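The structure appears right after this line, and notes come after that.
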Amino acid sequence: MPTFLLLVLAALGFAPTAMSSAVAPVRKSVAVLNFDNNTGKADYDHLGQGLAAMMTTDLAAVDDIQLLERQRLADVTKEIDAQRSGYFDSTTAVKVGRLTGAEYIVVGALAAVDPQLRIDTRIVRVQTGAIVKSARVTGKQEEFFDLQQRLVKQLVKDLGIALTPESEAKLDARQASNRIDELDAMVRLSNAMSLADAGDYGSATMKIAPVVAMYPNSTFVKMTADEIKRRASRASETKAKTKINEGVNKLIKKKWPPA
């Protein structure tokens, strides 16, 4: 089953497209894994999923980056998630990269939340297993958007991509449209994504409702909420069809063989 992040990205139109090799520039294939929670606080266990999702949608605005198809990434990381293994190490990154074909893997970790939020990231080159760059941002929790914005731009720079003024403006516009300032709001959204992946759409809807009210103009929040609604509707339709089919099968069995 596709992960919640895959469906949101598809809805945003970030699916990879075929391009002519004669005219297309060389793009760097990148995958962003869910960030580990190393804070010791269980409340932040799912924050890494939401943070990776937001960073992925931001990075999709950079033309020189080709983000890995999320279905391929989800299939590979499913086993890692089941084993509750961490992502913030080169061995895991290389394994994921070789199985998916990504050139670079971005891994990260929430290292602290009190008194300030600290986020660490690494870019791992899959071919060599070497850590290309490490980055760290630290700041107040209420400055979450600024921290995330700085981190994305640092990742672009560390990938060796020089943004033109036009490209930087495009990235700024994407980040502004996805803006979430408060860490608590991002935690709620991340938990909603996790609940939706588990099929608990009712709880997911309740969890994200305050975030929608706080950030009605955030494209990322709106698309996440809309995707929860779509998945809930599809699940209801599937459940209804299953009940109908079960009823028909019971009726057939009762009337067969004919008298």
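A few notes on this one:
- Estimated FRET transfer efficiency when R0 is 22 angstrom, pair D172-K222 (beta carbons, to 0.05): 0.70
- Of the residues D114, D158, D226, D36, the one with the fewest other Cβ atoms within 10 Å heads the list, and the complete ranking is D114, D226, D158, D36.
- Residues E142, E227, sorted so that the one with the fewest Cβ neighbours within 10 Å comes first: E142, E227
- Pairwise FRET efficiency - D43 versus Q127, Cβ, R0 = 51 Å, nearest 0.05: 0.85
- Exposure proxy for F88, F35: other Cβ atoms within 10 Å of each Cβ, ordered fewest to most, give F88, F35.
- Residues whose amide H falls under 5 Å from that of G129, counting only those 5 or more places apart or on a different chain, are absent, with hydrogens built in the peptide plane.
Taken together, the values in this text are just the output of simple stated rules run on the coordinates, not laboratory data. Just so we're clear, the structure is a prediction, and the values are computed from it rather than from any experiment. Backbone-built Cβ (ideal geometry, glycine too); neighbour counts: all protein chains shown.
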